[in-house]
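Here the structure is laid out as structure tokens; the discussion comes afterwards.
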Amino acid sequence: MSGQIVIIKGKPDKQYITLDNCYILLYTVFGKGGDKRVKIIINSSLMVPIYEQIADQIKLLIRNGKLKENDILPSVRTLSRELKISALTVKKAYDSLENEGFAITVHGKGTYVAAVNPKLLLEEQKKEVEADLEMAIQKGRRYGISDEDIRSLFELIL
């Protein structure tokens, strides 16, 4: 993949990457005390909605320990302005995180990372992937693809 990184003047923590005509935005989020740097990557060419991309990456950062309990997330307005997306999209991502127990929003104060057990989170995510793989296997069998061919496809994709 040939790509180009463009650093916006005056914004050293914001980068746009162009890869084969798709735009990816890297946004640096600062944790509590400004000492944590994490990236939120938006890829407009994916079929995954932007709010899901944001929520999934924040969950991953929590699971990996880069975001910890009580770290503040950027405000809806700030993140939407930085990513050049609708505030409703960011709000939807934060609402999703809150509904799943990953974030707590305090009116007038902001959205914070909730206390989460990373091992439990990983197990839940593994169950989701397992269910998706089961659906893919069932679809392959419906199409008459042998188990060996499904294994080969899985290895190829992996």
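The values are calculated or read from the model by the stated rules, or taken from the named source; none is laboratory data. None of these values were measured; they are calculated from a predicted model. Note that each Cβ is placed from the backbone with ideal geometry, even for glycine, and that neighbours are counted across all protein chains shown.
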Of all residues in region 64-82, how many are touching a Ser or Thr at 6+ places or on another chain (Cβ under 8 Å) and in contact (Cβ under 8 Å) with a residue 12 or more places away in the chain? 4
Write out, first by first residue and then by second, each pair whose Cβ atoms fall under 6 Å of each other, whose residues are 6+ apart or on separate chains, and whose first residue, in region 45-63, is touching a residue at least 40 places away in the same chain (Cβ under 8 Å) while the second is among the basic types (Lys, Arg). Tyr51/Lys92
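Scanning for something of a type outside the set (Asp, Glu), free of Cβ contacts under 8 Å to residues at least 60 places away in the same chain and closer than 15 Å to Tyr51 by Cβ, does region 124-143 turn up at least one residue?
Step one: filter region 124-143 for residues of a type outside the set (Asp, Glu), giving 125-127, 129, 131, 133, 135-143.
After this cut, where a residue has to be free of Cβ contacts under 8 Å to residues at least 60 places away in the same chain as well, the list is 126-127, 129, 131, 133, 135-143.
From what is left, the residues that are closer than 15 Å to Tyr51 by Cβ are none.
Among the residues of region 124-143, not one is of a type outside the set (Asp, Glu), free of Cβ contacts under 8 Å to residues at least 60 places away in the same chain and closer than 15 Å to Tyr51 by Cβ, which makes the answer no.
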Members of region 67-106 found to be more than 22 Å from Glu128 (Cα to Cα), surrounded by fewer than 18 Cβ atoms within 10 Å (Cβ to Cβ) and charged (D, E, K, R), listed by number: Lys68, Glu69, Arg77, Arg81, Lys84, Lys91
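Could we say that Ile58 is surrounded by 15 or more Cβ atoms within 10 Å (Cβ to Cβ) and modelled with pLDDT under 90 here? Walk me through it before giving the result.
Numbers: surrounded by 15 or more Cβ atoms within 10 Å (Cβ to Cβ): yes; modelled with pLDDT under 90: no.
Taking the combined requirement at face value, the residue does not satisfy it.
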Test Thr28 against the stated conditions and say whether it is surrounded by 11 or more Cβ atoms within 10 Å (Cβ to Cβ), touching a Lys or Arg at 6+ places or on another chain (Cβ under 8 Å) and modelled with pLDDT of 55 or more. yes
